[in-house]
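Take a look at the structure below.
The values are calculated or read from the model by the stated rules, or taken from the named source; none is laboratory data. This one's a predicted model, so the numbers in the text were calculated from it and none came from an experiment. For neighbour counting, all protein chains shown are included, and Cβ atoms are generated from backbone atoms with ideal geometry for every residue, glycine included.
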Amino acid sequence: MNAITRERSLVQIALYAAIIAAMGLMPKFELPFGVPITSQSMGIMLAGVMLGAWRGAAAVALFLLAVALGAPLLAGGRGGIGVFFGPSAGFLLCYPLSAFVAGLLMQGLRSRAVLPSAFLAAVVGGILVLYPFGIAGLSLLGGLSLADAAKACLIFIPGDTVKAVLVALIAQTVARGLPEALLSRA
């Protein structure tokens, strides 16, 4: 990788970390069991689908590092190391893996149409990979049984499915207008 490509990758990683942070400015919907409904999980899906496995995971890791250092970037202005010990910790800690899997799947489907590939990658990375960790964290740190935590998380599925559709539409739009920006296909 030459210096220009490396610099471009670093800028894109920082840009997607900033996009995820900006999504935290949108109001959250607080649920009684301590895990809010936010738009930031869409940013996680988007980072993986658009940047690919490693860059997507790096963007999410950069975002989480800023949160851990105290930046109030999570929805509702939350930040600091304490958020990694609350009921949503399982989701947060799995975000890099979620983006990585979405990116890896998108890269693996590079010969397929963008829209269905991006939707599948977002669903697998942003729901199927993310939820087991989120459910486990909610159970462990939220004081719920695994079954109750799983039932509680059912409320997220419709919204996360809509987010996956939006990610797919964004990826397809970008692929049509600026295909080189879809790094998962490069």
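I'd like the residue in the stretch 89-119 that is closer than 16 Å to residue 180 by Cα and small (Gly, Ala, Ser) and, out of all such residues, is modelled with the lowest pLDDT.
Only one residue tops the list, namely 111.
Within the stretch 106-115, track down each residue that is surrounded by fewer than 23 Cβ atoms within 10 Å (Cβ to Cβ) and touching a helix residue (DSSP H, G or I) at 6+ places or on another chain (Cβ under 6 Å).
Across the stretch 106-115, the qualifying residues are 107, 109, 110, 115.
Could you pull out every one of the helices (runs of 4 or more DSSP H) wholly within the stretch 95-186 that has 2 or more residues that are under 20 Å from residue 85 (Cβ atoms) and either basic (Lys, Arg) or within 14 Å of the chain's Cα centre (by Cα) (or both)?
130-142
Consider residue 160 carefully, then state whether it is surrounded by fewer than 17 Cβ atoms within 10 Å (Cβ to Cβ) and acidic (Asp, Glu).
So residue 160 fails the test.
Would you check if residue 64 is part of a helix (DSSP H, G or I) and crowded, with 17+ Cβ neighbours inside 10 Å?
Yes: the conditions hold for residue 64.
Condition first: in contact with a Pro (Cβ under 8 Å, 6 or more places away or on another chain), in contact (Cβ under 8 Å) with a residue 40 or more places away in the chain and under 21 Å from residue 27 (Cα atoms). Now tell me which residues in the stretch 46-77 satisfy that.
60, 75, 76 - these are the residues of the stretch 46-77 that are in contact with a Pro (Cβ under 8 Å, 6 or more places away or on another chain), in contact (Cβ under 8 Å) with a residue 40 or more places away in the chain and under 21 Å from residue 27 (Cα atoms).
Working carefully through the options 185, 176, find the one that is surrounded by 17 or more Cβ atoms within 10 Å (Cβ to Cβ), among the charged types (D, E, K, R) and more than 11 Å from residue 45 (Cα to Cα).
185
Considering (1) part of a loop (DSSP other than H, G, I, E, B); (2) in contact (Cβ under 8 Å) with a residue 24 or more places away in the chain; (3) surrounded by fewer than 17 Cβ atoms within 10 Å (Cβ to Cβ), say which one residue 14 fails and leave the rest.
(1)
Can you find even one residue in the stretch 95-105 that is over 19 Å from residue 152 (Cβ atoms), among the aliphatic types (A, V, I, L, M), crowded, with 23+ Cβ neighbours inside 10 Å and in contact (Cβ under 8 Å) with a residue 24 or more places away in the chain?
Yes; the residues of the stretch 95-105 include at least one that is over 19 Å from residue 152 (Cβ atoms), among the aliphatic types (A, V, I, L, M), crowded, with 23+ Cβ neighbours inside 10 Å and in contact (Cβ under 8 Å) with a residue 24 or more places away in the chain.
Tally the residues that are buried (at least 18 other Cβ atoms within 10 Å of the Cβ) and within 21 Å of residue 171 (Cβ to Cβ), restricting the search to the stretch 116-157.
Total meeting the criteria: 13.
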